[in-house]
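> This is the structure, below, for whatever I ask next.
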Amino acid sequence: MSAAQDLESLSAKFGADVVGTKEFRGESTISVKLGVLHKVLATAKSEHGYVMIIDISSLDHFGEDPRFEMVYELATLDDSKHLRVKAKVSEDEEVPTATDIWLGADWHEREVYDMMGIRFRGHPDLRRIIMWD
């Protein structure tokens with residue numbers, strides 16, 4: 001199954017909670033509502049083989065609401081498929097941690113928290129790693 005087929009499968013499974021999908025130059029992106037983000041990430045790993053979390057980052061759309069957007073870069077173990085998962089986040093919302101799906105999400109989430117102030121609900125050790133208190 002290709003990443004494009006994975007987009008179709010995830011879109012069918014999560015229906016109206018999928019805000020959009022995009023295929024551009026071999027890059028597959030799915031944008032979802034924050035409420036299903038954790039389920040989409042878990043499904044990408046368990047059902048589609050995205051066992052590696054390459055990166056977690058965030059965008060600041062200052063002046064818009066919701067202000068922030070989370071971006072997760074996933075890959076299969078053999079690096080044959082890549083998937084980008086996005087979800088918009090308001091300033092007063094918390095993002096569910098992905099550390100229970102990938103242990104490697106720990107430092108990425110701490111960096112996003114440190115640089116953007118986005119809190120991760122359920123994170124085991126959400127403290128600053130770059131900035132000083």
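> Based on the inverse mean of 1/r over its pairs of different Cα atoms, what is the Kirkwood hydrodynamic radius of region 49-115, in Å?
It works out to 12.6 Å.
> Restricting attention to region 1-73, which trypsin sites (Lys or Arg not before Pro) occupy a DSSP loop and are surrounded by at most 15 other Cβ atoms within 10 Å?
Arg25, Lys33
> Alpha carbon centre of region 85-133 versus region 4-48: separation in Å?
The distance from the Cα centre of region 85-133 to that of region 4-48 comes to 20 Å.
> For a test of understanding, tell me how many lysine pairs in the chain have Cα atoms under 15 Å apart, given they are 8 or more places apart or on different chains.
Step by step, the pairs that qualify in the chain add up to 9.
> Kirkwood hydrodynamic radius of region 1-80 from all distinct Cα pairs, in Å?
About 13.3 Å for region 1-80.
> Would you please name the chymotrypsin sites (Phe, Trp or Tyr not before Pro) within region 29-133 that are DSSP coil residues with at most 15 other C-beta atoms within 10 Å of their C-beta?
Phe62, Trp132
> Further question: Using the Cα centre of the chain as the reference point, and only Cβ charges (+1 on K/R, -1 on D/E), how large is the resulting charge dipole? Debye, rounded to the nearest 20.
With Lys and Arg at +1 and Asp and Glu at -1, about 260 debye.
> Can you list the GluC sites (Glu not before Pro) in region 54-91 that are in a DSSP coil and have 12 or fewer other beta carbons within 10 angstrom?
Taking region 54-91 and a limit of 12 other Cβ atoms within 10 Å, the loop GluC sites (Glu not before Pro) found are Glu64, Glu91.
> Ok, one more. Points 7 angstrom from Cα along the Cβ direction at Ile54 and Ala4: gap in nanometres?
1.8 nm
> Counting each DSSP H run of 4 or more residues in the chain as -39500 (n - 2.57), what helix-only mean residue ellipticity at 222 nm follows after dividing by all residues, to the nearest 500 deg cm²/dmol?
So the helix-based figure for the chain works out to -8500 deg cm²/dmol.
> Counting Lys and Arg as +1 and Asp and Glu as -1, what is the net charge of the other residues whose Cβ lies under 13 Å from the Cβ of Ser57?
-4
Bear in mind that the values in this text are calculations on the coordinates, not laboratory data. As the structure is a computational prediction, the values presented were derived from the model and not from experiment. Note: ideal-geometry Cβ built from the backbone for every residue, glycine included; neighbour counts use all protein chains shown.
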